[in-house]
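Beneath this line is the structure, given in structure tokens, with notes to follow.
The values are calculated or read from the model by the stated rules, or taken from the named source; none is laboratory data. Note that the coordinates shown come from a computational prediction; the quantities given were computed from them, not determined experimentally. Neighbour counts are summed over all protein chains in view; Cβ atoms, including those assigned to glycine, are modelled from backbone coordinates with ideal geometry. All accessible areas refer to the heavy atoms of the entire protein, side chains included, with ligands and DNA or RNA removed. Shrake-Rupley method; radii C 1.70, N 1.55, O 1.52, S 1.80 Å.
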Amino acid sequence: MNTDVWKVDKDVDNLENNPQVVDAANFLRKNEVVALPTETVYGLGGNAENDEAVAKIFAAKGRPGDNPLIIHIADRKQLSRFVTEVPETAEKLMDAFWPGPLTIIFKKKDGILSEKATAGLNTVAVRMPDHPVALALLKTCGLPIAAPSANSSGKPSPTKAEHVLDDLKGKIAGVVDGGATGVGVESTVIDCTAATPVILRPGGVTKEQLEEVVGIVEEDSALKDQSARPKAPGMKYQHYAPNAPLYMVAGPKEFLQTLVTEKEAEGLRVGVLTTEENHHFYEANLVLSCGRRAELDTVAASLYDTLRSFNQGQVDIIFSEIFPNEGVGHAIMNRLEKAAGHKLITE
Ligand code: TXA
Ligand code: MG
């Protein structure tokens, strides 16, 4: 299949009538799948009400069928079409964070959305992305769009159109290239179907920010306890992994360097995932910085791009620094733990 690339400057006016956006929207209306930029990561969009379109999303990614998709909308009025009720907590969260990196789980109305998109669950995950190109595309096609991250299953999520093409070229109708995404890690997923909201996946909106708006928020126990079954089906799969095995290292940088030196002595090519503050300290085959430790937002923004870059460096093993598990650091550590398959070396 030919994969079109539609370049769109996200800062121009009147994006809804932009010929590239209109072209991509037409493909969505014909039940083809198209990758699009959001403020978190690129998504692979398809008509959420059409089984055929949704099947194409799962096929292109190689995604397991039991992992439901997030439905993207441009207007809150679209909710009543496929959601049975909007609880007060959800209203408050939408007022505060939409459009933005927060996905809310609602009770689902039967018979509207493709059952494949919701993996047969009686709930549905919905978000309104805060990206002018995504919003223009959603408005122009007029459909609820199911969109998982636009990577092959298991790979790091794409934060640039090039990442999407690396994984999915030839498998999808096209990519709307709106430049690099901003937040860099996926949306926070919060379940609002019970009295107390529960975070199922940490992300761009932090627990602290959520609690300011709705009071106490719980966290799915599976986020701490690896033996518990996660309430978001996708959280049980390994994700974000570079080709070489990745180990998180807890301890000072001197300790990490001794691990590097040991492996190099064994004849391995070693990579180090670090930050700008420590970049010059390490001696290894490939030392890559994923942002500034003092500003964790910059780490979130570059983490996946950096993980992907290790694949070009042909390293045999990667050691990574770890990050404070608070604020956006919570989402960063959740993704790093998955990329490392939870392998942690402690001094
Ligand atoms: O930032 C994002 O959320 C990106 C952009 C493209 O919007 N999308 C994204 O989608 O990360 P995906 O498919 O990679 O992750 C969706 C997560 C999965 O862990 C899935 O299991 C969970 O949301 N999910 C979807 N529907 C659910 C439901 N009804 N109940 C519980 N978890 C659900
Ligand atoms: Mg994903």
Measuring from label point to label point, each 7 Å out along Cα→Cβ, what is the Lys343 to Asp110 span in nm? 4.7
Carbon and sulfur atoms account, in whole percent of the 1.4 Å probe accessible area of segment 246-346, for 49
Taking the chain and dividing mean pair separation by its residue count, relative contact order in percent (alpha carbons under 8 Å, at least six apart): 19
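Using a 1.4 angstrom probe, figure out how much accessible area the chain has per residue, in square angstrom, rounded to the nearest whole. If you can, show how the numbers build up before the last one.
Numbers: 14360 Å² over 347 residues.
Normalised by residue count, the accessible surface of the chain is 41 Å².
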Can you pull the Kirkwood radius for segment 246-346, inverse mean 1/r over Cα pairs, to one decimal in Å? 13.4
Taking 0.36 nm per residue of sequence separation and subtracting the Cα-Cα distance, how much length would be gained by fully extending the chain between Thr261 and Asn243, in nm to one decimal? 4.4 nm
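Give me Rg over Rh for segment 19-89, both radii from the alpha carbons and Rh done the Kirkwood way, two decimal places. Mind dumping the intermediate values first?
Numbers: Rg = 13.5 Å, Rh = 13.7 Å.
So for segment 19-89, dividing Rg by the Kirkwood Rh gives 0.99.
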Rounded to whole Hz, the Karplus (6.51, -1.76, 1.60) HN-Hα couplings of segment 109-120, x for glycine and proline: 7, 6, x, 9, 7, 4, 4, 5, 5, 9, 6, x
Under 17 Å between alpha carbons, and skipping anything fewer than 8 positions from Lys109 in its own chain: which lysines qualify? Lys77
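Based only on Cα atoms, what Rg/Rh ratio does segment 4-223 have, Rh being taken as Kirkwood's radius?
Details: Rg = 16.1 Å, Rh = 17.1 Å.
Dividing the radius of gyration by the Kirkwood radius yields 0.94.
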Spin-label pair Leu268/Asn14, simplified geometry with 7 Å Cα→Cβ offset, distance in nm: 5.8
